[in-house]
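Here's the structure we're looking at; comments come further down.
The values are calculated or read from the model by the stated rules, or taken from the named source; none is laboratory data. Note that the coordinates shown come from a computational prediction; the quantities given were computed from them, not determined experimentally. Here Cβ is always computed from backbone atoms with ideal geometry, including for glycine, and neighbour counts include all displayed protein chains.
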Ligand SMILES: C[S@@+](CC[C@H](N)C(=O)[O-])C[C@H]1O[C@@H](n2cnc3c(N)ncnc32)[C@H](O)[C@@H]1O
């Protein structure tokens with residue numbers, strides 16, 4: 001253990017020296033909170049890290065994996081880009097290392113989570129905003145059914161078929177806090193407080209998120225969530241966040257660019273970067289919009305079924321849960337062979353569109369890689385953590401296919417390395433026997 005810590009400290013010192021970071025101590029103290037006994041690329045235990053504990057994002061990178069990736073680059077970077085921001089791990093870690101991040105995220109709740117981590121705070125204003133919200137929420141009264149008229153009916157009791165996610169009383173309190181937050185004039189504080197309210201929503205609900213979706217807690221009908229839990233959890237989340245902001249707010253880089261929207265389109269607005277590091281959704285039918293439905297509806301990011309549909313349309317074509325066009329033209333020897341095999345087993349599939357979805361998935365990734373070819377400097381690295389999938393016994397070797405497709409648009413292969421240690425914790429969506437691979441391409 002001691003040796004591991006020493007080794008990590010040496011690595012951070014070497015990296016921060018190369019990067020010319022003034023405040024090494026801050027980065028060291030942040031990384032020092034990692035679980036050193038786990039393999040470096042696992043994301044286990046990083047949920048307790050400052051900032052990462054604000055919201056449990058199951059599919060997050062471990063910051064150490066970001067550190068390792070950056071350490072492996074030949075030239076120290078000063079800018080980076082992550083087109084699939086998620087919970088903002090790449091961008092936040094980059095800030096700790098003095099690297100200016102650009103990141104993109106389509107899900108507006110997650111985009112707020114990212115920005116809440118990256119932005120600078122005036123702590124006095126933040127404390128004032130918190131007090132204001134607590135005071136205002138105590139007198140605000142909201143009718144949840146009126147406020148959430150466009151949301152799925154299961155959200156509030158009596159729900160549908162005897163099942164509901166929130167009691168009327170708990171929903172009423174959550175919405176009162178949301179209204180008080182919406183009324184704040186300090187937008188940075190409002191963003192953080194909204195995210196922190198979001199971090200309480202699963203715990204306050206009758207469901208848990210597991211595998212590829214939500215399911216009701218066992219014995220949920222006998223579980224009473226007290227209305228007072230809304231304030232208690234919100235306050236606890238706030239105290240953690242304030243501690244992290246006070247300790248780690250002044251990072252070596254405090255600027256960033258966050259582009260909200262679909263990476264396939266939004267990357268056109270990104271400026272040059274020295275390298276890219278990201279993990280796109282895997283083609284495993286994990287529907288990110290659905291998974292974050294509680295936050296999206298309860299916090300007012302979605303107001304109508306049309307909003308919901310539009311957001312789902314803007315996500316990568318990695319799932320078949322919505323009817324959408326899977327038109328695609330990407331072609332490579334491995335992709336064509338895989339799609340042909342999938343087609344031959346179509347009758348065994350739980351959704352007949354899966355073969356087309358798989359080709360469309362690669363079309364989308366190639367659209368993103370095509371834009372990255374413009375954004376990343378010649379000779380710069382593009383590092384992607386990708387995961388394989390399997391349908392009706394047909395495996396999709398995502399890394400190999402991407403290498404073939406990438407060649408056609410000006411990317412050379414640097415290395416393909418297995419990230420097996422991430423398997424138990426990353427975005428497997430319930431499947432635990434598939435490879436995750438770090439694909440390292442060089443922009444020719
Ligand atoms: C695997 S997660 C990224 C996790 C991230 N590396 C982290 O450490 O938190 C993939 C993210 O891509 C986002 N996403 C899906 N489709 C997108 C699109 N078209 N444009 C931008 N982001 C998208 C999802 O909402 C999700 O947050």
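Annotations for the structure displayed:
- Within segment 284-386, helices (runs of 4 or more DSSP H) holding 2 or more residues that are within 12 Å of the ligand (Cβ to nearest atom) and more than 27 Å from residue 61 (Cβ to Cβ): none
- Subset of segment 15-57 [away from the ligand (no atom under 13 Å from the Cβ), part of a loop (DSSP other than H, G, I, E, B) and modelled with pLDDT of 70 or more]: 32, 50
Per-residue answers, yes or no, for (1) crowded, with 19+ Cβ neighbours inside 10 Å; (2) more than 30 Å from residue 439 (Cα to Cα); (3) without any contact (Cβ under 8 Å) to a residue 24 or more places away in the chain:
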{"position": "241", "(1), (2), (3)": "yes, yes, no"}
{"position": "249", "(1), (2), (3)": "no, yes, no"}
{"position": "259", "(1), (2), (3)": "yes, no, no"}
{"position": "285", "(1), (2), (3)": "yes, no, no"}
{"position": "324", "(1), (2), (3)": "no, no, yes"}
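- Enumerated helices (runs of 4 or more DSSP H) restricted to segment 171-283, each holding at least 1 residues that are within 16 Å of the ligand (Cβ to nearest atom) and under 21 Å from residue 91 (Cα atoms): 187-199, 263-266
- Filter pass, residue 73 being away from the ligand (no atom under 14 Å from the Cβ), more than 15 Å from residue 279 (Cβ to Cβ) and part of a loop (DSSP other than H, G, I, E, B): yes
- Test result for residue 390, in a strand (DSSP E or B), more than 14 Å from the ligand (Cβ to nearest atom) and over 30 Å from residue 75 (Cα atoms): yes
- Residue check for residue 150: exposed (fewer than 14 other Cβ atoms within 10 Å of the Cβ) and in contact (Cβ under 8 Å) with a residue 40 or more places away in the chain: yes
- When residue 63 is tested against (1) over 25 Å from residue 366 (Cβ atoms); (2) out of contact with any helix residue (DSSP H, G or I) (no Cβ under 6 Å at 6 or more places or on another chain), just one condition goes unmet, and that condition is (2).
- The single condition among (1) surrounded by fewer than 17 Cβ atoms within 10 Å (Cβ to Cβ); (2) at pLDDT below 95; (3) out of contact with any helix residue (DSSP H, G or I) (no Cβ under 6 Å at 6 or more places or on another chain) that residue 392 does not meet is (3).
For every residue, the table says whether it meets (1) surrounded by fewer than 24 Cβ atoms within 10 Å (Cβ to Cβ); (2) in contact with a strand residue (DSSP E or B) (Cβ under 6 Å, 6 or more places away or on another chain); (3) under 23 Å from residue 377 (Cβ atoms).
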site	(1), (2), (3)
79	yes, yes, yes
85	no, yes, yes
90	no, yes, yes
94	no, yes, yes
98	yes, no, yes
104	no, yes, yes
111	yes, yes, no
119	yes, no, no
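- Scanning segment 85-121 for residues that are farther than 28 Å from residue 313 by Cα and within 13 Å of the ligand (Cβ to nearest atom) gives 93, 94.
- Qualifying residue in segment 136-146 (condition: in contact with a strand residue (DSSP E or B) (Cβ under 9 Å, 6 or more places away or on another chain) and in a helix (DSSP H, G or I)): yes
- Residues that are near the ligand (Cβ under 8 Å from one of its atoms), at pLDDT below 90, in a loop (DSSP other than H, G, I, E, B) and closer than 18 Å to residue 384 by Cβ occur at least once in segment 61-69.
- Test result for residue 273, in contact with a helix residue (DSSP H, G or I) (Cβ under 7 Å, 6 or more places away or on another chain), crowded, with 17+ Cβ neighbours inside 10 Å and not assigned by TED's automatic domain parsing to the domain that holds residue 389: no
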